[in-house]
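The values are calculated or read from the model by the stated rules, or taken from the named source; none is laboratory data. Just so it is clear, the structure is predicted and the values come from calculations on it, not from any experiment. Glycine also receives a Cβ, built like all others from the backbone with ideal geometry; neighbour counts cover every protein chain displayed. Calculation scope for accessible area: heavy atoms of the full protein, side chains included, ligands and nucleic acids excluded. Shrake-Rupley method; radii C 1.70, N 1.55, O 1.52, S 1.80 Å.
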Amino acid sequence: MLNSVSARWRAGARRFAAAVVVLLMLSGGAQQATAAPSGEPLSTQVVSNPSHAWVLVNKSRPLNPRQFAPSDLVSTNGTGHLLRRQVAGALGQLFAGARAAGYSLEVISGYRSYASQSALYSSYVQIYGQAYADQISARPGYSEHQTGLAADIGNAGGGCGLTACFGTTPGGRWVAANAHRYGFIVRYPQGYSGITGYTYEPWHLRFVGVPLATDMKRRAIPTMEQYFSARPTIRSGADVLAADSSGVLWSYPANGRGGFGTRVRIGPGWSGLKAGFVADWNADGVNDIVAQWKTGTLSVYRGKLSGGFLSPLRVGSAGWQSMNITAGKWHSGQRYPGVVGTAADGAMYFYPNATGGALSTRLRLGQGFQGMKLTMADFDNDRRQDLLVTRATGELLLYRSDGAGRFAAETRRRVGTGWNALVQSHSSFGFQGPGTRGLTAKTTDGRLVYYGLGNSQFTGLRAVGPGWQSFNILR
């Protein structure tokens with residue numbers, strides 16, 4: 001049972017995924033849509049259709065046909081610069097948002113035809129030579145501007161126009177931080193010319209739609225090339241990782257409908273594991289594994305975008321074997337997730353992860369937590385990670401977070417009973433479909449169950465399946 005799901009479930013998952021992709025393609029990445037909350041890419045297929053908002057155009061991927069011209073070009077804000085209708089509307093909203101924040105922006109360039117791009121590229125070759133021209137300009141048929149999805153912008157009235165210093169201006173910084181809200185990305189970010197083929201252009205915005213732009217921003221994937229080549233081992237916030245009795249670690253990819261696809265073998269060497277957790281430890285958009293070992297050490301296996309993991313990084317040196325811990329973003333204002341744990345004497349501590357590497361000095365949160373199990377989850381759906389604490393009596397207590405690494409002012413609240421029948425539990429995202437939240441838990445009799453979460457309450461219990469007695473569940 002653990003190796004596969006039924007053919008009916010697999011077919012249903014494929015139909016569901018296909019329907020989502022078709023819907024997004026028909027909408028062109030509608031402004032109202034939201035990014036996938038599960039951590040899984042919206043699509044793994046590189047888009048070649050030049051009319052699609054996700055089309056990937058770069059030095060090795062020309063438009064097809066080369067002289068493509070969009071059919072829905074309109075003037076942008078009455079400037080005479082043309083963009084596709086949806087893009088022009090989204091850029092107008094971005095400019096309005098910038099004005100509301102105190103920054104005035106303008107369009108410098110929009111759609112360029114094959115002929116216009118050919119003339120521009122040729123002029124750069126004459127002035128700078130072909131090698132440098134290829135770093136700053138696309139050849140005809142290879143330009144994002146030809147799609148009508150790209151716009152060069154600048155500060156109104158000039159100042160750092162079409163130069164790298166635009167990114168250091170207040171308006172440029174606002175654009176970098178907020179463009180995704182309107183469906184845009186900074187297409188050629190700093191430090192990635194080896195991937196994109198172009199030098200840093202903070203002024204070059206590319207429309208991809210709110211879902212994709214938001215997903216890239218949230219997962220810290222800077223370029224479209226990296227996004228569409230992503231094949232991480234842990235692709236979804238609902239995937240379950242489990243180490244079997246022989247120490248082999250397996251990944252059970254969630255199908256988005258309350259079940260799993262065929263499991264994937266990660267590798268041996270996990271027999272000494274006390275507990276494990278999935279977290280984006282270094283905030284690079286790829287899920288990592290936080291491993292607590294019976295030897296007393298704490299290590300992190302950083303995931304690779306192309307799949308697999310790097311060699312373990314020791315982030316805690318000794319004394320962890322006696323602690324009950326959980327990992328997650330306990331402090332909302334910090335970039336990286338940390339660890340909360342209870343010591344043998346009942347003291348609870350928060351261990352910040354200040355650099356995406358080793359843990360820094362612990363902070364004491366409270367006393368009286370002897371032997372209690374911890375789970376970090378956003379129970380009340382306020383974008384702050386709370387603590388769910390299980391007593392030996394089976395009571396489940398909620399300790400709400402204030403978002404700043406401490407407990408909220410109100411006293412603890414009982415939110416469940418009978419939890420002594422659970423060995424371990426972990427937060428899960430997207431297990432029953434996009435937008436769903438809950439806890440995946442292993443019971444003392446070896447069943448895997450799922451507790452759905454609404455706002456400050458559980459919404460139901462779902463049996464996932466038996467046969468997990470010999471597995472150590474990481475999430």
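Some points to look at:
- A single entry from Thr390, Thr375, Thr417 fulfils the requirement of being farther than 19 Å from Val339 by Cβ and hydroxyl-bearing (Ser, Thr, Tyr): Thr417.
- Tally of residues being outside any strand (DSSP E or B) and aliphatic (A, V, I, L, M) across region 421-435: 1
- Note on region 175-202: residues that are more than 21 Å from the chain's Cα centre (by Cα) and assigned to a helix (DSSP H, G or I) amount to 2.
- Flag if Thr375 is within 22 Å of Val315 (Cα to Cα) and β-branched (Val, Ile, Thr): yes
- Check on Ala30, open to solvent by less than 30 Å² (accessible area, probe 1.4 Å), at pLDDT below 50 and outside the structural domain of Tyr252 (by the TED database): yes
- The set of residues in region 123-141 being open to solvent by less than 50 Å² (accessible area, probe 1.4 Å) and either under 20 Å from Phe184 (Cα atoms) or out of contact with any Pro (no Cβ under 8 Å at 6 or more places or on another chain) (or both) consists of Ser123, Val125, Gly129, Ala133, Asp134, Ile136, Ser137, Ala138, Pro140.
- Any hit, region 99-122, residues being within 20 Å of Gly209 (Cα to Cα), open to solvent by 20 Å² or more (accessible area, probe 1.4 Å) and either assigned to a helix (DSSP H, G or I) or aromatic (Phe, Trp, Tyr) (or both): yes
- Selection status of Gly285, outside the structural domain of Pro222 (by the TED database), in contact with a Lys or Arg (Cβ under 9 Å, 6 or more places away or on another chain) and on the phi > 0 side of the Ramachandran plot: yes
- Test for Phe458: is it of a type in the set (Phe, Trp, Tyr) and free of Cβ contacts under 8 Å to residues at least 60 places away in the same chain: yes
- Residue match in region 252-270 (condition: of a type in the set (D, E, K, R) and crowded, with 20+ Cβ neighbours inside 10 Å): no
- Residues located in region 445-470, provided they are within 14 Å of Val240 (Cβ to Cβ) and of a type in the set (A, V, I, L, M): Leu448, Val449, Val464
- None of Gly141, Gly148, Gly161, Gly157 is in the same structural domain as Ala101 (by the TED database), more than 28 Å from Ser51 (Cα to Cα), in contact (Cβ under 8 Å) with a residue 24 or more places away in the chain and in contact with a Phe, Trp or Tyr (Cβ under 8 Å, 6 or more places away or on another chain) except Gly161.
- Matching option when the condition is over 26 Å from Leu73 (Cβ atoms), open to solvent by 30 Å² or more (accessible area, probe 1.4 Å) and in a loop (DSSP other than H, G, I, E, B), among Gly161, Gly157: Gly157
- Residue within region 206-215 that is open to solvent by 10 Å² or more (accessible area, probe 1.4 Å), among the hydrophobic types (A, V, I, L, M, F, W, C) and in the same structural domain as Phe429 (by the TED database) present: no
- Summed over region 300-319, residues that are surrounded by fewer than 17 Cβ atoms within 10 Å (Cβ to Cβ) and either aliphatic (A, V, I, L, M) or closer than 25 Å to Thr440 by Cα (or both) total 7.
- Region 420-459 - residue that is within 21 Å of the chain's Cα centre (by Cα) and among the aliphatic types (A, V, I, L, M) and, of those, most open to solvent (accessible area, probe 1.4 Å): Leu453
- Single residue of Leu365, Leu398, Leu374, Leu359 found to be closer than 19 Å to Asn455 by Cβ, surrounded by 18 or more Cβ atoms within 10 Å (Cβ to Cβ), of a type outside the set (D, E, K, R) and out of contact with any helix residue (DSSP H, G or I) (no Cβ under 8 Å at 6 or more places or on another chain): Leu398
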